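A quick write-up on the structure given underneath.
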Amino acid sequence: MGQLIINIVTNYYIDNTAIKNLFRYIAGEGKNKGKERLRFSSAKGLSFNYKEAALQLIIMQEILEKTAGRRVYHMVVSFPENFKEDKDGRFIDLVAYSIANVLFRDYQVFYGIHTSTDNIHIHFAFNAVSYRNGKKWHKSLAEFKEFKNEILYIVNDTLVRYGYEKMTLKKYSREEEEKSKDYFTYKNL
(Lines give C-alpha, C1' and ligand atoms only; values in the text may rest on other atoms or scores of the structure.)
Protein backbone atom coordinates (compact mmCIF):
# COMPACT_ATOMS: atom_id res chain seq x y z
CA MET A 1 0.00 0.00 0.00
CA GLY A 2 2.75 2.45 0.89
CA GLN A 3 4.78 3.96 3.66
CA LEU A 4 3.44 5.99 6.55
CA ILE A 5 5.68 8.90 7.54
CA ILE A 6 5.71 9.96 11.20
CA ASN A 7 7.83 12.93 12.16
CA ILE A 8 8.28 14.96 15.30
CA VAL A 9 8.86 18.62 14.48
CA THR A 10 12.08 19.60 16.21
CA ASN A 11 10.92 22.97 17.55
CA TYR A 12 10.77 23.38 21.31
CA TYR A 13 7.68 25.64 21.67
CA ILE A 14 8.87 27.17 24.93
CA ASP A 15 6.64 30.26 25.18
CA ASN A 16 2.98 31.19 24.91
CA THR A 17 3.38 32.87 21.53
CA ALA A 18 4.93 29.75 19.99
CA ILE A 19 2.04 27.64 21.33
CA LYS A 20 -0.58 30.04 19.97
CA ASN A 21 1.15 30.20 16.56
CA LEU A 22 1.33 26.41 16.33
CA PHE A 23 -2.38 26.01 17.10
CA ARG A 24 -3.20 28.77 14.59
CA TYR A 25 -1.15 26.95 11.93
CA ILE A 26 -2.82 23.60 12.63
CA ALA A 27 -6.24 25.28 12.32
CA GLY A 28 -5.26 26.64 8.88
CA GLU A 29 -5.18 30.24 10.12
CA GLY A 30 -1.43 30.80 10.34
CA LYS A 31 0.93 32.59 7.99
CA ASN A 32 0.06 30.02 5.30
CA LYS A 33 -3.65 30.92 5.42
CA GLY A 34 -5.09 30.47 1.98
CA LYS A 35 -2.34 28.03 1.01
CA GLU A 36 -3.00 25.54 3.79
CA ARG A 37 -6.13 23.51 3.09
CA LEU A 38 -7.56 22.34 6.37
CA ARG A 39 -10.15 19.62 6.04
CA PHE A 40 -10.89 19.18 9.69
CA SER A 41 -9.57 20.15 13.10
CA SER A 42 -10.51 18.84 16.49
CA ALA A 43 -9.20 18.36 20.00
CA LYS A 44 -9.18 16.12 23.03
CA GLY A 45 -9.34 17.81 26.41
CA LEU A 46 -9.40 21.24 24.75
CA SER A 47 -11.80 23.49 22.89
CA PHE A 48 -12.19 22.90 19.16
CA ASN A 49 -11.50 26.63 18.69
CA TYR A 50 -7.74 27.02 18.27
CA LYS A 51 -7.51 30.29 20.22
CA GLU A 52 -9.41 28.88 23.19
CA ALA A 53 -7.53 25.58 22.96
CA ALA A 54 -4.13 27.27 23.14
CA LEU A 55 -5.24 29.35 26.11
CA GLN A 56 -6.64 26.29 27.91
CA LEU A 57 -3.37 24.41 27.42
CA ILE A 58 -1.37 27.38 28.72
CA ILE A 59 -3.63 27.72 31.76
CA MET A 60 -3.28 24.00 32.54
CA GLN A 61 0.51 24.33 32.49
CA GLU A 62 0.35 27.39 34.75
CA ILE A 63 -1.90 25.55 37.23
CA LEU A 64 0.53 22.60 37.25
CA GLU A 65 3.51 25.00 37.46
CA LYS A 66 5.10 23.44 34.36
CA THR A 67 5.83 26.44 32.13
CA ALA A 68 9.59 25.96 31.80
CA GLY A 69 11.32 24.19 28.93
CA ARG A 70 9.57 22.37 26.11
CA ARG A 71 5.83 22.90 26.50
CA VAL A 72 4.27 21.37 23.40
CA TYR A 73 5.21 18.58 21.03
CA HIS A 74 4.29 18.78 17.35
CA MET A 75 3.98 15.53 15.43
CA VAL A 76 2.93 14.96 11.82
CA VAL A 77 1.51 11.70 10.45
CA SER A 78 1.67 11.69 6.63
CA PHE A 79 0.04 9.21 4.27
CA PRO A 80 1.59 8.13 0.97
CA GLU A 81 1.01 10.39 -2.05
CA ASN A 82 -0.96 7.64 -3.80
CA PHE A 83 -3.30 7.12 -0.82
CA LYS A 84 -6.89 8.01 -1.69
CA GLU A 85 -9.67 7.85 0.86
CA ASP A 86 -13.11 6.53 0.25
CA LYS A 87 -15.72 9.08 -0.81
CA ASP A 88 -16.95 9.98 2.67
CA GLY A 89 -13.41 10.71 3.92
CA ARG A 90 -14.05 9.16 7.30
CA PHE A 91 -10.90 7.04 7.40
CA ILE A 92 -8.41 9.82 8.20
CA ASP A 93 -10.87 11.39 10.66
CA LEU A 94 -11.11 8.08 12.52
CA VAL A 95 -7.33 7.61 12.53
CA ALA A 96 -6.76 11.13 13.92
CA TYR A 97 -9.45 10.63 16.57
CA SER A 98 -8.03 7.22 17.57
CA ILE A 99 -4.46 8.47 17.88
CA ALA A 100 -5.60 11.45 19.98
CA ASN A 101 -7.77 9.37 22.29
CA VAL A 102 -5.63 6.24 22.61
CA LEU A 103 -2.01 7.38 22.49
CA PHE A 104 -2.53 10.81 24.06
CA ARG A 105 -5.13 9.72 26.62
CA ASP A 106 -3.32 11.55 29.45
CA TYR A 107 -2.52 14.70 27.45
CA GLN A 108 -4.43 17.58 25.93
CA VAL A 109 -4.15 17.50 22.15
CA PHE A 110 -5.21 19.75 19.27
CA TYR A 111 -5.05 18.30 15.78
CA GLY A 112 -5.83 19.11 12.17
CA ILE A 113 -6.06 17.20 8.92
CA HIS A 114 -4.33 19.05 6.07
CA THR A 115 -4.78 18.33 2.38
CA SER A 116 -2.65 21.09 0.84
CA THR A 117 0.32 18.95 -0.16
CA ASP A 118 0.57 15.88 -2.37
CA ASN A 119 -0.18 13.74 0.65
CA ILE A 120 -2.89 14.06 3.25
CA HIS A 121 -1.40 14.51 6.71
CA ILE A 122 -2.41 15.06 10.32
CA HIS A 123 -0.75 17.60 12.61
CA PHE A 124 -0.90 16.88 16.34
CA ALA A 125 0.08 19.46 18.97
CA PHE A 126 0.01 17.96 22.42
CA ASN A 127 0.72 19.29 25.86
CA ALA A 128 4.13 18.21 27.14
CA VAL A 129 2.50 17.93 30.58
CA SER A 130 -0.02 15.26 31.55
CA TYR A 131 -3.20 16.68 32.99
CA ARG A 132 -3.62 13.44 34.99
CA ASN A 133 -0.33 13.35 36.88
CA GLY A 134 1.45 16.64 36.07
CA LYS A 135 4.50 14.84 34.64
CA LYS A 136 6.15 15.78 31.37
CA TRP A 137 6.03 13.50 28.32
CA HIS A 138 9.53 12.11 27.86
CA LYS A 139 10.58 9.63 25.23
CA SER A 140 13.99 8.40 24.24
CA LEU A 141 14.59 7.87 20.53
CA ALA A 142 14.01 4.13 21.05
CA GLU A 143 10.74 4.82 22.90
CA PHE A 144 9.65 7.18 20.13
CA LYS A 145 10.29 4.44 17.56
CA GLU A 146 7.99 2.17 19.58
CA PHE A 147 5.46 5.01 19.77
CA LYS A 148 5.54 5.24 15.95
CA ASN A 149 4.83 1.49 15.80
CA GLU A 150 1.78 2.06 18.01
CA ILE A 151 0.58 4.72 15.56
CA LEU A 152 1.18 2.32 12.67
CA TYR A 153 -0.88 -0.32 14.49
CA ILE A 154 -3.82 2.11 14.82
CA VAL A 155 -3.52 3.08 11.15
CA ASN A 156 -3.29 -0.53 9.95
CA ASP A 157 -6.14 -1.69 12.17
CA THR A 158 -8.32 1.03 10.68
CA LEU A 159 -7.07 0.33 7.13
CA VAL A 160 -8.09 -3.31 7.39
CA ARG A 161 -11.54 -2.38 8.72
CA TYR A 162 -12.03 -0.07 5.73
CA GLY A 163 -10.82 -2.64 3.19
CA TYR A 164 -7.40 -1.16 2.47
CA GLU A 165 -4.00 -2.85 2.48
CA LYS A 166 -1.67 -2.35 5.45
CA MET A 167 1.16 0.19 5.39
CA THR A 168 4.74 0.10 6.64
CA LEU A 169 6.75 2.82 8.33
CA LYS A 170 9.14 4.92 6.28
CA LYS A 171 12.79 4.07 6.92
CA TYR A 172 14.86 7.12 7.81
CA SER A 173 18.29 8.09 6.56
CA ARG A 174 21.23 8.25 8.95
CA GLU A 175 21.04 12.08 8.83
CA GLU A 176 17.33 12.06 9.76
CA GLU A 177 18.01 9.59 12.57
CA GLU A 178 20.77 11.82 13.99
CA LYS A 179 18.50 14.87 13.93
CA SER A 180 15.83 12.95 15.86
CA LYS A 181 18.45 11.56 18.23
CA ASP A 182 19.62 15.08 19.07
CA TYR A 183 16.04 16.22 19.70
CA PHE A 184 15.23 13.34 22.03
CA THR A 185 18.59 13.59 23.81
CA TYR A 186 17.44 16.92 25.23
CA LYS A 187 14.25 15.42 26.64
CA ASN A 188 14.60 17.20 29.97
CA LEU A 189 13.93 20.59 28.39
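The values are calculated or read from the model by the stated rules, or taken from the named source; none is laboratory data. Computed from a predicted structure; not experimentally measured. Cβ: placed from backbone, ideal geometry, glycine included. Neighbour counts: every protein chain shown. Note: accessible area is taken over every heavy atom of the protein model, side chains too, but ligands, DNA and RNA are not part of it. Shrake-Rupley method; radii C 1.70, N 1.55, O 1.52, S 1.80 Å.
Observations on the structure shown:
- With contributions of -39500 (n - 2.57) from each DSSP H run of at least four residues, the per-residue ellipticity at 222 nm computed over the chain stands at -11500 deg cm²/dmol.
- Loop-located chymotrypsin sites (Phe, Trp or Tyr not before Pro) in the range 134-175 (DSSP state other than H, G, I, E, B) with a sparse environment of at most 13 neighbouring Cβ atoms within 10 Å: TYR162.
- Between amide H atoms placed 1.01 Å from N, distances below 5 Å from ASN32 occur with no residue 5 or more places distant or on a separate chain.
- Each other residue within a Cβ distance under 12 Å of ALA100 adds +1 if Lys or Arg and -1 if Asp or Glu, for a net charge of 0.
- Ordering of 52-60, 104-112 by burial proxy (mean other Cβ atoms within 10 Å per residue, highest first): 104-112, 52-60
- In Hz, Karplus ³J(HN,Hα) per residue of the range 24-33 (6.51, -1.76, 1.60; θ = phi - 60°; x = Gly, Pro): 4, 4, 4, 7, x, 10, x, 5, 9, 3
- Taking packing as the residue-averaged number of other Cβ atoms within 10 angstrom, the listed peptides 4-12, 17-25 run from highest to lowest as 17-25, 4-12.
- Remark on VAL129: its backbone amide H falls under 5 Å from those of TRP137, a criterion applied only to residues 5 or more positions apart or on other chains, H modelled at 1.01 Å from N.
- FRET efficiency, HIS138 to SER42 (Cβ-Cβ, R0 25 Å, nearest 0.05): 0.45
- Here the label points at SER98 and VAL76, each 7 Å from Cα along the C-beta direction, are separated by 2.3 nm in the simple model.
- Members of LYS84/LYS171; LYS84/LYS170; LYS139/LYS170; LYS51/LYS139; LYS84/LYS166; LYS33/LYS139 lying beyond 25 Å, as alpha-carbon distances in this model show: LYS51/LYS139; LYS33/LYS139
- Residues whose placed amide H lies under 5 Å from that of PHE40, excluding near-sequence neighbours: ILE113
- About its Cα centre, the dipole of the range 74-189 is roughly 420 debye, where the only charges are +1 on Lys and Arg Cβ and -1 on Asp and Glu Cβ.
- The range 93-168 and the range 28-60 have Cα centres spaced 17 Å apart.
- Rolling a 1.4 angstrom probe over the protein heavy atoms with all chains in place gives the range 55-188 an accessible area of 52 Å² per residue.
- The fraction of accessible area contributed by carbon and sulfur in the range 20-133 is 48 percent, rounded to a whole number (1.4 Å probe; ligands and nucleic acids excluded).
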